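Before any comments, here is the structure.
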Amino acid sequence: MQSLRDRLPPPNALVAFEAAARHLSFTSAAGELNVTRVAVSSQVKQLEEFLGTGLFLRLHRALRLTPAGEILGRRLSASLGDIAATVESIREDNRNQRLTITTSTGFVTYWLLPRISDFRRQHPDIDLRLLVSDSYLNLSSESVDVAVRYGSGGWQGVDARPLVQERIFPVCSPGFLVEHGCFQRPEELLSQRLLHLDGPYDAETRWATWFSAQGIDPVPPLGGLFLNTYTSLVQAALDGQGIALLGPPLLARALADGSLVRPIEVAPTLRRTFWLVSPQQSVPSPAAQTFCTWIAAAMSAAP
């Protein structure tokens, strides 16, 4: 019994003929397939030789299908269409289990990565792809399923739902606290080594704003260590370099395990909100819905 391979002509010849039959033009088929007109003509001739019959009537500047060409073109177009639909369905199922997430360096470092093993343990069939960026990426052009953004919301072209609002207050390392002791009044911090988040950040991140909120106004010039990234500010605090304005949700785990402590008890300063963001007018994949449910629950469960 002949194998399927022996019974069928070369696949490239079938694809070339299907395109040429649909367009009734070797030139148009060549453009669609990104090959030369000569290549399409050669593939069609090879198919005609395999079949032992002509498929086209080659007229002056025109093509017309023979009866055999009409039958083959109709059947081939339907069959290749079915194959393409099946392949796309399989690819879509695979994409539904691969999730692309974008978020900031701070969020991925201090919140997501320490907890992502919990998600992967619960959902081992979902593959994660993390795009880390401190600027807002275009979700559609980057093929992003879910973003975790920090801000005030109101972004164009996306759907956004709030997760949790950030709270900050003075924190330091346990070693710094042992060396300097606890403080009773906010003005006592004026003489301490302060860690500043420098750059285009909100006023609420500034020590001057915090001291003003504590009733110290005008605030004298403040010295200390100035850092232009969130991660370097956190690391400096963990290393005992001074006191920083930090807090949950990003630093909830460090506060819970004692890596960071509060040298003075004051009401936290409320900052902006973390949001779950997805492309507008798109149906979230099952994997995206699963991730959103998980992260919302994890945020809600945090103290």
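The values are calculated or read from the model by the stated rules, or taken from the named source; none is laboratory data. All of these numbers come straight from a predicted model, not from anything done at the bench. Neighbour counts run over all protein chains shown; Cβ positions are idealised from the backbone, glycine included.
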task: Quick one: Ser152 ticks every box in (1) under 15 Å from the mean Cα position of the chain (by Cα); (2) farther than 19 Å from Trp294 by Cβ; (3) loosely packed, with under 15 Cβ neighbours inside 10 Å except a single one, so which number is it?
output: (1)
- prompt: Is it fair to say Ser143 is touching a residue at least 24 places away in the same chain (Cβ under 8 Å) and either assigned to a helix (DSSP H, G or I) or not charged (D, E, K, R) (or both)?
  reply: yes
query: Which one is surrounded by the most Cβ atoms within 10 Å (Cβ to Cβ), of the residues in region 213-251 that are modelled with pLDDT under 95 and of a type in the set (Gly, Ala, Ser)?
result: Gly224
query: In region 9-59, which residues are without any contact (Cβ under 8 Å) to a residue 24 or more places away in the chain and either polar (S, T, N, Q) or in contact with a His (Cβ under 6 Å, 6 or more places away or on another chain) (or both)?
result: Thr27, Ser28, Ala29, Asn34, Thr36, Ser41, Ser42, Thr53
task: Could you list all residues from region 101-119 that are charged (D, E, K, R) and over 26 Å from Asn138 (Cα atoms)?
output: Asp118
task: Among what's in region 158-212 and is hydrophobic (A, V, I, L, M, F, W, C) and closer than 30 Å to Gln280 by Cα, pick the residue that is surrounded by the most Cβ atoms within 10 Å (Cβ to Cβ).
output: Val158
message: So Asp134 passes all but one of these: (1) under 20 Å from Thr229 (Cα atoms); (2) touching a Leu at 6+ places or on another chain (Cβ under 8 Å); (3) not assigned by TED's automatic domain parsing to the domain that holds Val266. Which condition number does it fail?
response: (2)
query: Can you tell which of Ala78, Ala85 is within 30 Å of Val146 (Cβ to Cβ) and loosely packed, with under 14 Cβ neighbours inside 10 Å?
result: Ala85
query: Taking region 235-270 as the region of interest, how many residues are farther than 20 Å from Ala298 by Cβ and within 28 Å of the chain's Cα centre (by Cα)?
result: 2
message: I'd like the full set of residues that are within 20 Å of Pro11 (Cβ to Cβ) and either modelled with pLDDT of 95 or more or of a type in the set (Ser, Thr, Tyr) (or both), limited to region 46-66.
response: Thr53
